[in-house]
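Student: Attaching a single structure in structure tokens format; questions to follow.
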Amino acid sequence: MEGKRFARIAGTGMYLPEKVITNEELSKKMGFDVSEYLSGVKLRHISAPDEASSDMAVEAAKEALENAGMKPEDIDLIILTTDTPDIITPPTSLIIQHKLGAKNAAAFDMNGACADAVIGMTVASHYITIDPEINNVLVVASYGMTKWLDWDNKVLAPMFGDGASAVILTVSDKPGFLSSAMLADGSYWDSYGIYVGTKYPITKEMVEKKEHLLRFHPNFHKYPPDINYGRWPGLVKKVAEKAGYTVNDLNMVLFTQVRLIDIEESMKRLNLPMEKTHYIMDKFGYTGSACVFMALHDALKEGKIKNNDLVAFCTSGAGMVMSAALFKWIE
């Protein structure tokens with residue numbers, strides 16, 4: 001083990017926009033009780049008109065740096081994980097690097113929909129373990145989906161809120177990152193999403209019909225009810241076993257915060273008590289890419305994660321893509 005490089009989580013941070021819309025307020029606008037089909041979500045934060053994903057990311061990054069005892073110039077690499085960048089190109093991570101003052105950092109964007117935070121954290125860990133020039137990596141997940149919402153869409157609009165979160169990964173002489181696993185099923189690409197790009201160039205007619213916003217695809221390949229809880233437990237088991245552990249060894253399992261019933265059913269199938277997970281959709285809403293790091297940050301604040309605890313992450317995104325990782329918490 002001597003001389004080997006490992007990656008551990010050194011700090012976390014998060015940011016939520018000031019404006020809040022509660023379920024009660026949105027129900028009046030929609031004309032029905034949105035709580036009837038939202039599982040666990042009670043409110044959503046809405047970014048200001050002039051507040052971009054990069055702005056939220058910088059605020060989350062500042063808190064993560066402070067908690068890690070680092071300065072922006074200590075960062076060697078910035079990985080932005082989001083499907084709501086400021087612009088299509090250049091990369092929004094470069095804007096974050098500039099705004100943050102991380103002058104020594106390389107930067108790139110990743111888009112794995114709402115699974116991308118854990119993918120980014122895994123990639124960051126790999127960089128640290130194999131590249132001696134990469135010692136400190138900022139993985140920042142920012143989500144500005146309300147900029148892409150059609151508020152007349154009574155199914156999709158109530159689900160989403162904005163926010164950002166971040167983790168700092170640093171080189172360690174003890175293993176923090178232990179294992180990872182992914183899966184994908186691209187047959188669901190035509191379920192729902194933001195269908196603009198080279199396949200769907202934006203036209204005047206598209207904008208007039210609000211087809212440039214988040215919407216169901218015309219072919220609408222519907223997700224099965226168990227799209228998450230039917231797959232999450234298997235991924236969690238896989239990362240535990242790859243690292244030489246069993247599910248019962250896990251101290252905390254953090255999932256995408258989209259539906260509380262998905263988390264409850266997953267924990268039931270893992271035969272783990274709800275005390276071994278943490279959910280935040282009731283406090284912060286569903287924040288897509290940013291939600292799992294928010295859950296980590298909040299669990300740490302509440303003292304639910306302690307030194308040497310085994311923490312599993314499991315996330316899912318539209319399309320469909322899923323990612324899981326296992327870390328040992330090292331203080």
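Student: Is it fair to say GLY244 is over 22 Å from ALA117 (Cα atoms), out of contact with any Phe, Trp or Tyr (no Cβ under 6 Å at 6 or more places or on another chain) and at pLDDT 95 or above?
Tutor: Values: over 22 Å from ALA117 (Cα atoms): yes; out of contact with any Phe, Trp or Tyr (no Cβ under 6 Å at 6 or more places or on another chain): yes; at pLDDT 95 or above: yes.
For GLY244, the condition - over 22 Å from ALA117 (Cα atoms), out of contact with any Phe, Trp or Tyr (no Cβ under 6 Å at 6 or more places or on another chain) and at pLDDT 95 or above - is met.
Student: Still on this model: Out of the strands (runs of 3 or more DSSP E) lying entirely within the range 1-58, which hold 2 or more residues that are touching a residue at least 24 places away in the same chain (Cβ under 8 Å) and β-branched (Val, Ile, Thr)?
Tutor: Details: elements: 6-15, 19-22, 43-46.
In the range 1-58, the matching strands (runs of 3 or more DSSP E) lie at 6-15, 19-22.
Student: OK, next. Sort out which residues of the range 296-312 are outside any loop (DSSP other than H, G, I, E, B) and farther than 19 Å from LEU178 by Cβ, and write them in order of number.
Tutor: Passing the criteria: HIS297, ASP298, LYS301.
Student: Going residue by residue through the range 268-282, is there one that turns out to be under 19 Å from GLY112 (Cβ atoms) and surrounded by 24 or more Cβ atoms within 10 Å (Cβ to Cβ)?
Tutor: Within the range 268-282, not a single residue is under 19 Å from GLY112 (Cβ atoms) and surrounded by 24 or more Cβ atoms within 10 Å (Cβ to Cβ).
Student: Anything in the range 47-58 that is surrounded by 20 or more Cβ atoms within 10 Å (Cβ to Cβ) and more than 19 Å from ALA106 (Cα to Cα)? List them, or say none.
Tutor: SER47, ALA52, MET56
The values are calculated or read from the model by the stated rules, or taken from the named source; none is laboratory data. Note that the structure is a prediction, hence the values are computed from the model and not measured. As a convention, Cβ positions derive from the backbone with ideal geometry for all residues, glycine included, and neighbour counts pool all protein chains shown.
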